[in-house]
Amino acid sequence: MIGVTLQGRRVVLVGGGSVAARRLPRLRDEGARVRVVAPALGAETHDLVRAADAEWIPRAVREEDLDDAWLVHTATGDPRVDARVAAWCEERRVFCVNASDGAHGTARLAAEARAGDVIVGVASDAGVDPRRAVRVRDAIGRLLEEGALPLRRVRKAARGRVSLVGGGPGPIDLMTVRARRLLAEADVVIADRLGPVDVLADLDPEVEVIDVGKRPGHHPVPQERINALLVERARAGRRVVRLKGGDPFVFGRGGEEVTACLAAGVPVEVVPAPSSAIAVPQAAGIPVTHRGVAGAMHVVNGQAPLGAGTLAALADETVTTIVLMGVAALERIVAGALEAGAPASRPVAIVESGHTSHQRTTFTTLAKAVADATNAGVTNPAVIVIGEVAREQLLLPAPSPAGAAASG
């Protein structure tokens, strides 16, 4: 098999039925200059011809219609006409896909699966069996999407890129399909300490892994250096994945990293993921909103001062306040909530190590939160939920990961 570039080249489709309709989007996406020759077009083909800005010759095919063609595809539904078109192509030394009898054409369109810049084509070696080819293509496509096949480039690209990948709350199987594929393509992974770090063990041994994980009060790699690493590696032609816990744009400083890449002229994309603000409470059976209980949520960085909006949310019984990175600031947050007018009986849940085997939830109230957290020995990583949804047994108990416990 060979790959053929059709960008800017003439392709002639003979026939205006359903087969032509299936081929047109692919040819359009490849940038071909398409000429359709058919006395009439099906409704779907007619719309696609317009969308692809293709030329339509509304009559039976003639040999001169093949002038300047690089590739011809004939699917008139009449084997005699298709055979005649194939014979013209043979004389002109133009490759021809004969949909009436693929075994007698000089070219075949493979069923394609794509992942990034990797294209895998599936075709039959003898005769045609398009349904089988499609089923095999789909099976390969799923593996490509999941990052289960070796997608990393061996030759360096002329230009690198950066992908800010949200890893979600931690379990590998909660990562998005795109995240897994980009990791399989990566030359460099710059990783936080939280999130799906177990996935790093699946990387090609030649992938450079840089640990830039921060801990409370300990930031061994400053953000400015992380930004510089992204740009340096990408400028060297590397495919860089910045692997983060949660979502890159929820207290992940992803915006700063995007800005640094754009300022340096480095291509960058962002892959979203479930934020721990939602996913970790969910792991403990806590909905951040619930009809008749809470109709809004307010997400807070526990390390930041309590602004007017946060204080108003804490006082509002219809709002759930989610605090990330707030264990060290719990006393200050509780005091602010009480001063803002929240009742001392307002429910609080502190979920540690959500979605892991060490998950533990402490159910308490504003009045007792500081003492209960101290007695329980609450530590990071943890998400603090303040609001009526944090009432114990609000819902039926959610299944907990092995080893999870509850106290309060």
| Top-ranked residue of segment 39-83 - restricted to ones that are over 23 Å from G105 (Cα atoms) and small (G, A, S), ranked as farthest from the chain's Cα centre (by Cα) | A40
| said: Yes or no: segment 194-201 includes at least one residue that is at pLDDT 90 or above and in a loop (DSSP other than H, G, I, E, B). | reply: no
| Residue satisfying condition, being surrounded by 22 or more Cβ atoms within 10 Å (Cβ to Cβ) and of a type outside the set (D, E), within set L243, L229 | L243
| query | Just checking, which of V266, V241, V258 is in the same structural domain as P169 (by TED's automatic domain parsing), within 19 Å of V189 (Cβ to Cβ) and assigned to a strand (DSSP E or B)? | reply | V241
| query | List pairs: first in segment 316-328 and closer than 17 Å to E339 by Cα and not assigned by TED's automatic domain parsing to the domain that holds G387, second aliphatic (A, V, I, L, M) and not in a loop (DSSP other than H, G, I, E, B), Cβ under 7 Å, 6+ apart or cross-chain? | reply | none
| field | Unmet criterion (only one of (1) modelled with pLDDT under 90; (2) touching a Gly at 6+ places or on another chain (Cβ under 7 Å); (3) of a type outside the set (S, T, N, Q); (4) outside any loop (DSSP other than H, G, I, E, B)) for R181 | value | (1)
| query | When you look at G285, is it free of Cβ contacts under 8 Å to residues at least 12 places away in the same chain and assigned to a loop (DSSP other than H, G, I, E, B), yes or no? | reply | no
| Listing of strands (runs of 3 or more DSSP E) fully contained in segment 1-92 that carry 3 or more residues being in contact with a Lys or Arg (Cβ under 8 Å, 6 or more places away or on another chain), among the acidic types (D, E) and assigned by TED's automatic domain parsing to the domain that holds G105 | none
| task | Report yes if V280 is in a helix (DSSP H, G or I) and either at negative phi or surrounded by fewer than 19 Cβ atoms within 10 Å (Cβ to Cβ) (or both), otherwise no. | result | yes
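The values are calculated or read from the model by the stated rules, or taken from the named source; none is laboratory data. The structure displayed is predicted, hence computed values, not measured ones. With ideal geometry, Cβ positions are generated from the backbone for all residues, glycine too; neighbour counts draw on all protein chains shown.
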